[in-house]
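Here is the structure we will look at, set down as structure tokens.
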Amino acid sequence: MNTLQDRIRGSLIGGAIGDALGYPVEFIYSFGEIRKRYDSASALICTIAVYALNC
């Protein structure tokens, strides 16, 4: 069943996951700078994985 407590927990976990995924590019303000720093999607994914594993 979908209780209020389950929904609250899911939103908190979802927020934490979204925050962790956005961390590598959080203070980069242009898309061009992100593309320059992470020349491919795999480089960005590897960076996200490193941050996630070191939490």
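Read-outs throughout are calculated quantities, based only on the coordinates presented, and are distinct from any laboratory measurement. Here the structure is a predicted model, which is why all the values come from computation and not from measurement. FYI the Cβ positions are ideal-geometry reconstructions off the backbone, even for glycines, and counts take in every protein chain you see.
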Explain nothing, just compute: Karplus ³J(HN,Hα) = 6.51 cos²θ - 1.76 cosθ + 1.60, θ = phi - 60°, for every residue of the range 15-24 in order, whole Hz, x for Gly and Pro.
x, 5, 5, x, 5, 5, 5, x, 4, x
Given the chain reduced to its alpha-carbon atoms as identical point scatterers, what log10 I(q)/I(0) does the Debye formula return at q = 0.29 Å⁻¹?
-1.13
If packing is taken as the average count of other Cβ atoms within 10 Å, what order do 9-16, 31-38, 43-50 fall into, highest mean first?
43-50, 31-38, 9-16
How much mean residue ellipticity at 222 nm does the chain get from its helices, if each DSSP H run of length 4 or more adds -39500 (n - 2.57) and you divide by all residues, to the nearest 500 deg cm²/dmol?
-22500 deg cm²/dmol
